[in-house]
Amino acid sequence: MVDFLATYLGTPVLIVLHIFAIIMPLLGSVAYLTYAERKVIGAMQMRRGPNVVGPFGLFQPIADGLKLFLKETIIPTGASPVVFLAAPMLTFILALVAWAVIPVNDGWVLADINVGVLYLFAISSMGVYGIIMAGWASNSKYAFLGAMRSAAQMVSYEVAMGLIIISVLLSAGTLNMSAIVEAQQGLWYAIPHLPMFVMFFISILAETNRHPFDLPEAEAELVSGYNVEYSAMPFALFFLGEYANMILMSGLATILFLGGWLPPVDIAPFNWLPGIFWFSLKVMALLFVFIWCRAAFPRFRYDQLMRLGWKVFLPGSLIWVVLTASVLTLTGNLPE
Amino acid sequence: MIVQALAFYLFATVAVLSAGMVITQRNSVHAVLWLILAFFNGAGLFVLTGAEFVAMLLVIVYVGAVAVLFLFVVMMLDLNVATLREGFVEHVPMVVAVGFVLLAELLVLVGGWAVAPEAQGVRQAPTPDLAETPNTEALGAILYTDFLYLFQAAGLILLVAMVGAIVLTHRRREGVRKQRIPEQIARRKEDELTLVDVPPRGGV
């Protein structure tokens, strides 16, 4: 078996197995993230959340998935059919391919490439196309308005995110995700870069179109925004893509700022546990804050959103880049 | 090696085909979407040659930002193919003539092209071993040392272009109500609120 896997034919088989090992748990997490979201918000609003299907409502995500799977896919008459169906696929594919470079444990990564951070940034910057294509192809005013808002919002916050990532890269001296985690041995970047961590978290809320920045799907004004014309599986793909993106962005924040798979302190009871446990724990903590923000904050107005992105985050992160570079150079800690 | 060759032909074919689709599509939004596919395959070709940093930059800058703006503009345009095609026939001779002149110039240029014999050596020299130095480091080592001034000049030119675009399109409008967040936060209860003890039937 081991011999076969090392051969010419075995390599693709091995890669496919790796991919399954990443995607299956991911889809499971997406399903139970929707459940967790409803339960947590339910608790915060003194409701019970889903509790009918199965014990504690645990089978609710499966029931929801089946429902969407069995419904009819409706393509509106005025829609552009190919683009209409390609949009949800693109969103979902992009949410999955990004996981290729996320190291969940020491060496547990599909592609340990040198430009891991840039790859992730490139994939997440393409995410906007799924939404624009959906909004345009639906041939509907609400969907189009949602898509326009989303495009402007995601492009704006990417600029700030890029500068925030640069300060982390300056400290780590590499673009490789695993090496960034290794560089945080002893001190997580969330501590020296605390303002950037907070700004990064707010930016990923905007980047994933989550509350309080969920203007693209503001249900009070735009019905449901870009996905208003979608039904059944195409809708489910958007939904899965959005939640997979939330997990991905939490994973990215964990790797950049919270030390990835590293335990909080490298002493006996903590480093007995496997790295994947710490990684999942940190991602789950961030996801909880995602949901908490949804329950706690009212939606931003669009001009407020743009002001925050361009007038607060962009100059703030730029100043921090200069500051980081100066401090590292003056103290002689600039990585080789 | 065969996998690389197959990947090359895949990326190259899709890139050329989608570039063709860009100019033949009736629907301008579809044309931009094909353009994005062409950019993406271009990035794939860069990855195959080992230029991973350039590939990622191509996707981030062109696919992630420039093409989004293209798409933005094209979606907003009210294009009517019928009016665009009006007068097509009478312009044909002119178009053919201009195209012919351009083609002839290109042929003359390419025909008289001579590669300097030392060019190959110059091109190879600054490329360090890919296995030892990552792309990013190699590029940075050249851009921020040997070509620092040129690099900064390019940045300045872009800055001037940006400032120019803003100056040209920005207009100051009267009567716009803007939210001033620092003022809102700076408000104190004492400044804004007066408590009045109103006697019964006395009024304020």
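Worth pointing out:
- Single match in B:A43, B:A67, B:A5, B:A31 (criterion: at pLDDT below 90 and within 17 Å of A:S124 (Cα to Cα)): B:A67
- Elements of type helices (runs of 4 or more DSSP H) contained in the stretch B:135-204, each with 2 or more residues being modelled with pLDDT under 85 and not assigned by TED's automatic domain parsing to the domain that holds B:V47: B:135-143, B:189-192
- Only one entry in A:V97, A:V128 is at the interface with chain B (Cβ under 9 Å from one of its Cβ atoms), assigned to a helix (DSSP H, G or I) and either free of Cβ contacts under 8 Å to residues at least 40 places away in the same chain or surrounded by fewer than 20 Cβ atoms within 10 Å (Cβ to Cβ) (or both), namely A:V128.
- Beta carbons closer than 7 Å, at least 6 apart along the sequence or on distinct chains, pair a first residue in the stretch A:315-335 that is more than 16 Å from A:L169 (Cβ to Cβ) with a second that is of a type in the set (A, V, I, L, M) and surrounded by 12 or more Cβ atoms within 10 Å (Cβ to Cβ) for A:G316/A:M199.
- Scoring B:R26 on the criteria (1) more than 10 Å from every other protein chain (Cβ to nearest Cβ); (2) part of a helix (DSSP H, G or I) leaves a single failure, condition (2).
- Residue match in the stretch A:114-124 (condition: more than 14 Å from chain B (Cβ to nearest Cβ), part of a helix (DSSP H, G or I) and crowded, with 16+ Cβ neighbours inside 10 Å): no
- All conditions but one from (1) under 21 Å from A:A285 (Cα atoms); (2) acidic (D, E); (3) outside any helix (DSSP H, G or I) apply to A:E72; the one that does not is (1).
- Exclusive hit being closer than 22 Å to A:M154 by Cβ, out of contact with any strand residue (DSSP E or B) (no Cβ under 8 Å at 6 or more places or on another chain) and surrounded by fewer than 20 Cβ atoms within 10 Å (Cβ to Cβ), set B:V61, B:V54: B:V61
- Any hit, the stretch A:84-101, residues being modelled with pLDDT of 85 or more, more than 30 Å from B:E52 (Cβ to Cβ) and more than 21 Å from the chain's Cα centre (by Cα): yes
- When residues of the stretch A:290-307 are limited to those that are under 21 Å from A:E158 (Cβ atoms) and in contact (Cβ under 8 Å) with a residue 60 or more places away in the chain, the one farthest from the other protein chains (Cβ to nearest Cβ): A:F290
- Against the test of being modelled with pLDDT of 85 or more and either more than 12 Å from chain B (Cβ to nearest Cβ) or touching a Phe, Trp or Tyr at 6+ places or on another chain (Cβ under 9 Å) (or both), the options A:S167, A:S140 yield a single qualifying residue, A:S167.
- Leading residue by the ranking (nearest to the other protein chains (Cβ to nearest Cβ)) among those in the stretch B:66-97 that are exposed (fewer than 15 other Cβ atoms within 10 Å of the Cβ) and of a type in the set (G, A, S): B:A82
- Checked against the criterion of being farther than 30 Å from A:I74 by Cβ and buried (at least 16 other Cβ atoms within 10 Å of the Cβ), the candidates A:F238, A:F297, A:F279 yield just one match: A:F279.
- Test: residue in the stretch A:242-253 that is more than 13 Å from chain B (Cβ to nearest Cβ) and more than 18 Å from A:I123 (Cα to Cα): no
- For the stretch B:44-53, filtering for residues that are among the hydrophobic types (A, V, I, L, M, F, W, C) and at the interface with another protein chain (Cβ under 10 Å from one of its Cβ atoms) leaves 2.
The values are calculated or read from the model by the stated rules, or taken from the named source; none is laboratory data. All values derive from a computational prediction rather than experimental measurement. Glycine also receives a Cβ, built like all others from the backbone with ideal geometry; neighbour counts cover every protein chain displayed.
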